[in-house]
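One structure below.
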Amino acid sequence: MPRKKKPTIYDVAEKSGISISTISRVLNTPEKVNSETRALVLDAIDKLGFVPKAEARARALSNTNRIGVITPFFTAPSFVQRLRGVASALAVSNYELVIFTVESSDHIQGYLSSIPFTGNLDGLIVMSLPIQKKDAQRLIEHGIDTVLIEYSHPELNSIEIDNFQGGQMAAQYLLDKGHKRIAFIGDEEPHDFEIHPAGMRLKGFQAAMKKARIQSPNEYIRLFANTKEHAMQATRELLSLPTPPTAIFAAADIQAISALKVTRELGIKVPEQLAVIGFDDIDSAEYLDLTTVRQHLDESGKLAVEILLTHIADPSRPPQHVNLPLNIIERQTT
């Protein structure tokens with residue numbers, strides 16, 4: 001029986017109707033190709049089972065000793081701390097860290113479409129970004145061990161936190177302190193390439209308030225573009241209401257810190273006149289004595305590396321799904 005011929009780039013060109021030069025760009029510089037063309041090429045590659053020569057060579061050479069991290073908002077404190085955990089764990093290994101920052105849906109699709117074919121990574125960590133089914137399948141089929149942080153997929157390793165539970169915990173903590181007029185500040189629905197933990201934290205907060213049979217007025221919920229200036233403006237608006245809240249739950253520490261800056265401007269005493277609780281427990285939260293819901297940021301990065309290296313060493317292991325606990329860190333703002 002004749003051996004089945006391996007598909008070539010010419011077969012991909014014929015099936016997709018796209019030129020070979022454009023197919024090459026999809027594989028090597030996908031950000032330079034529009035999303036519609038890229039989708040046609042990738043669909044043809046997936047259907048044909050085409051393996052580029054670069055990937056075949058990399059497979060033959062085995063390890064590249066490089067771990068990639070795809071992350072949004074590289075300057076956001078929570079992402080920096082997660083990356084710090086990743087870097088510290090890799091520092092004692094023989095692996096080099098390669099960081100890919102994401103600024104758009106097209107950006108992440110470009111990375112996820114090219115990484116499986118370049119053959120220059122041994123593993124991948126995706127931080128706080130959604131993964132489509134077809135992208136997950138491509139990573140699996142091309143043998144790219146992957147760990148997702150703050151997102152889950154049944155066939156990929158994941159490290160998750162329960163944002164809904166975190167919102168409940170924050171609300172219940174303030175209720176137990178005797179507060180009934182509790183406001184929420186957080187970022188609005190993000191771009192389509194991002195997850196929205198603040199939305200789940202809000203739902204958890206609202207569920208706890210409903211269970212306590214406390215009806216919060218709509219003006220106590222403030223959603224805004226994710227900047228310090230918008231968080232400060234939202235706080236000013238809350239504190240200028242005829243009946244202002246006695247407590248604020250901020251969906252992120254950076255927003256809680258912005259709220260504290262407004263209280264200093266207005267001469268409002270914390271926590272006597274206003275209690276403030278954040279979420280994340282970034283480094284500056286401890287410095288500012290901010291009460292917060294702690295998620296283990298550095299630890300999540302370290303654990304992602306640990307899981308990834310374990311699966312690289314033994315690809316037959318089933319996917320691991322780890323749920324990291326949350327806890328309230330009580331300081332001087334409540």
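The values are calculated or read from the model by the stated rules, or taken from the named source; none is laboratory data. What you see is a predicted model; the values in this text were computed from it and never measured. Here the Cβ positions follow ideal geometry from the backbone for every residue, glycine too, while neighbour counts run over all protein chains shown. All accessible areas refer to the heavy atoms of the entire protein, side chains included, with ligands and DNA or RNA removed. Shrake-Rupley method; radii C 1.70, N 1.55, O 1.52, S 1.80 Å.
Out of region 211-239, which residues are in a loop (DSSP other than H, G, I, E, B) and open to solvent by 80 Å² or more (accessible area, probe 1.4 Å)? Give the steps one after another, and end with the answer.
Pass one, region 211-239, residues in a loop (DSSP other than H, G, I, E, B): 212-217, 225-227.
Selection gives Arg213, Gln215, Asn226.
Given the condition surrounded by 14 or more Cβ atoms within 10 Å (Cβ to Cβ), touching a Lys or Arg at 6+ places or on another chain (Cβ under 7 Å) and in a strand (DSSP E or B), answer yes or no: does some residue in region 186-194 qualify? If you could, list the steps in order and put the result at the bottom.
First, the residues of region 186-194 that are surrounded by 14 or more Cβ atoms within 10 Å (Cβ to Cβ): 186-187, 190, 193-194.
Those still in the list that are touching a Lys or Arg at 6+ places or on another chain (Cβ under 7 Å) too: 186.
Remaining after also requiring in a strand (DSSP E or B): 186.
Yes: region 186-194 contains one or more residues that are surrounded by 14 or more Cβ atoms within 10 Å (Cβ to Cβ), touching a Lys or Arg at 6+ places or on another chain (Cβ under 7 Å) and in a strand (DSSP E or B).
Return the pair list, or none, for Cβ contacts closer than 6 Å from residues in region 257-270 that are within 19 Å of Ser284 (Cα to Cα) and among the small types (Gly, Ala, Ser) to residues that are assigned to a helix (DSSP H, G or I) and at pLDDT below 95, at least 6 apart or on different chains.
Cβ pairs passing all conditions: Ser258/Lys228.
Any residue in region 33-52 that's within 14 Å of Gly17 (Cα to Cα): show its pairings with residues that are open to solvent by less than 10 Å² (accessible area, probe 1.4 Å) and of a type in the set (Gly, Ala, Ser) at Cβ separation under 8 Å, as long as the two are six or more apart or on different chains.
Arg38/Gly110; Arg38/Ser113; Leu42/Ser113
Take the residues in region 240-292 that are hydrophobic (A, V, I, L, M, F, W, C), open to solvent by less than 40 Å² (accessible area, probe 1.4 Å) and in a helix (DSSP H, G or I), then tell me which one is nearest to Gln81 (Cα to Cα).
Taking the candidates together, the pick is Ala285.
With the requirement that a residue be closer than 12 Å to Tyr111 by Cα and either open to solvent by 70 Å² or more (accessible area, probe 1.4 Å) or assigned to a helix (DSSP H, G or I) (or both), what does region 13-34 give you?
Val26, Leu27, Asn28, Pro30, Glu31, Lys32
Can you tell me which condition Ala198 does not meet? The list is (1) in a loop (DSSP other than H, G, I, E, B); (2) within 13 Å of Phe164 (Cβ to Cβ), and all the others hold.
With (1) in a loop (DSSP other than H, G, I, E, B); (2) within 13 Å of Phe164 (Cβ to Cβ) applied to Ala198, the lone miss is (1).
Starting from region 84-95, keep only residues that are on the phi < 0 side of the Ramachandran plot and part of a loop (DSSP other than H, G, I, E, B), then list their pairs with residues that are of a type in the set (A, V, I, L, M, F, W, C) and open to solvent by 40 Å² or more (accessible area, probe 1.4 Å) whose Cβ atoms are within a distance under 7 Å, requiring at least 6 positions of separation or different chains.
Between residues of region 84-95 that are on the phi < 0 side of the Ramachandran plot and part of a loop (DSSP other than H, G, I, E, B) and residues that are of a type in the set (A, V, I, L, M, F, W, C) and open to solvent by 40 Å² or more (accessible area, probe 1.4 Å), the close pairs are Ser93/Leu309.
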